[in-house]
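> The structure under discussion is supplied below as structure tokens; questions concerning it will follow.
The values are calculated or read from the model by the stated rules, or taken from the named source; none is laboratory data. Predicted model, so just to flag it, every value in this text is computed and none were measured. Cβ: placed from backbone, ideal geometry, glycine included. Neighbour counts: every protein chain shown. Accessible surface areas use protein heavy atoms only, side chains included; no ligands, DNA or RNA. Shrake-Rupley method; radii C 1.70, N 1.55, O 1.52, S 1.80 Å.
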Amino acid sequence: MSDAPQHRLGELMEESNPPFENVMSCVFGIEDHETRTYLTLCSQPGSTIEELAATLERDRSTVNRSLSTLHERDLVRRDRRLLDGGGYIYQYTAIALPEVKEMLHEALDVWTATVHDVIDEFDETIE
């Protein structure tokens, strides 16, 4: 990952049964609309910014920013397609959901280990 996510794992602890979308947003440190963009790409691989903007009913610039964040977090792949008349366009495809689930598990395991270390290293005497 080129940009480390800012985990918001504390938000998950406030919910007894968080939806998958919230888990993904909190663990990867992404916004809810970015998670929606990822999930849309799961069902529409190879989409362009324009196609996603129409599907999500969002402004192109918002979708572009979402895709940039998702790409930085290694959640989407960006491929350049040459146009017949010259130039190119980017198409985006979501990283497969099983791989993303594994990334989620790994991130949570690292966080849990860190919390366990904090607990284990705490030796202040409470009176």
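> Can you find a residue in the stretch 69-77 that is of a type in the set (Val, Ile, Thr), over 18 Å from Leu39 (Cβ atoms), in contact with a strand residue (DSSP E or B) (Cβ under 7 Å, 6 or more places away or on another chain) and surrounded by 11 or more Cβ atoms within 10 Å (Cβ to Cβ)?
So far as the stretch 69-77 goes, no, none of its residues is of a type in the set (Val, Ile, Thr), over 18 Å from Leu39 (Cβ atoms), in contact with a strand residue (DSSP E or B) (Cβ under 7 Å, 6 or more places away or on another chain) and surrounded by 11 or more Cβ atoms within 10 Å (Cβ to Cβ).
Each row is one residue, and each column tells you yes or no for (1) more than 11 Å from the chain's Cα centre (by Cα); (2) over 12 Å from Thr40 (Cα atoms).
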{"position": "Leu56", "(1), (2)": "yes, no"}
{"position": "Leu67", "(1), (2)": "no, no"}
{"position": "Arg77", "(1), (2)": "yes, yes"}
{"position": "Arg80", "(1), (2)": "yes, yes"}
{"position": "Leu83", "(1), (2)": "yes, yes"}
{"position": "Thr93", "(1), (2)": "yes, no"}
{"position": "Glu99", "(1), (2)": "yes, yes"}
{"position": "Leu108", "(1), (2)": "yes, yes"}
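> Quick check on my filter: what residues within the stretch 28-49 are under 16 Å from the mean Cα position of the chain (by Cα) and open to solvent by less than 30 Å² (accessible area, probe 1.4 Å)?
Once the filter is applied, which keeps residues that are under 16 Å from the mean Cα position of the chain (by Cα) and open to solvent by less than 30 Å² (accessible area, probe 1.4 Å), the stretch 28-49 yields Phe28, Gly29, Ile30, Glu34, Thr35, Thr37, Tyr38, Thr40, Leu41.
> Still on this structure, I have one more. Against the definition (at negative phi, aliphatic (A, V, I, L, M) and open to solvent by 90 Å² or more (accessible area, probe 1.4 Å)), how does Leu82 come out, yes or no?
When the stated conditions are applied, Leu82 passes them.
> State whether one or more residues within the stretch 80-88 are hydrophobic (A, V, I, L, M, F, W, C) and more than 21 Å from Phe28 (Cα to Cα).
Among the residues of the stretch 80-88, at least one is hydrophobic (A, V, I, L, M, F, W, C) and more than 21 Å from Phe28 (Cα to Cα), which makes the answer yes.
> It is to be established whether one or more residues within the stretch 50-67 are touching a residue at least 24 places away in the same chain (Cβ under 8 Å) and under 19 Å from His7 (Cα atoms).
yes
> Go through the stretch 85-110 residue by residue and tally those that are in contact with a helix residue (DSSP H, G or I) (Cβ under 9 Å, 6 or more places away or on another chain) and open to solvent by 100 Å² or more (accessible area, probe 1.4 Å).
Result for the stretch 85-110: 0.
> Looking at the structure I just gave you, is Arg36 over 28 Å from Ala107 (Cα atoms), out of contact with any Ser or Thr (no Cβ under 6 Å at 6 or more places or on another chain), of a type outside the set (Asp, Glu) and free of Cβ contacts under 8 Å to residues at least 40 places away in the same chain?
No, not satisfied.
Residues checked against (1) open to solvent by 70 Å² or more (accessible area, probe 1.4 Å); (2) of a type in the set (Asp, Glu); (3) assigned to a helix (DSSP H, G or I):
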site	(1), (2), (3)
His7	yes, no, no
Cys26	no, no, yes
Glu51	yes, yes, yes
Val63	no, no, yes
Thr112	no, no, yes
Ile119	yes, no, yes
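> Six or more apart or on different chains, Cβ atoms under 9 Å: show the pairs whose first residue is in the stretch 107-118 and closer than 19 Å to Met24 by Cα and whose second is of a type outside the set (A, V, I, L, M, F, W, C) and open to solvent by 60 Å² or more (accessible area, probe 1.4 Å).
Going by the 9 Å Cβ cut-off, the qualifying pairs are Ala107/His7; Trp111/His7.
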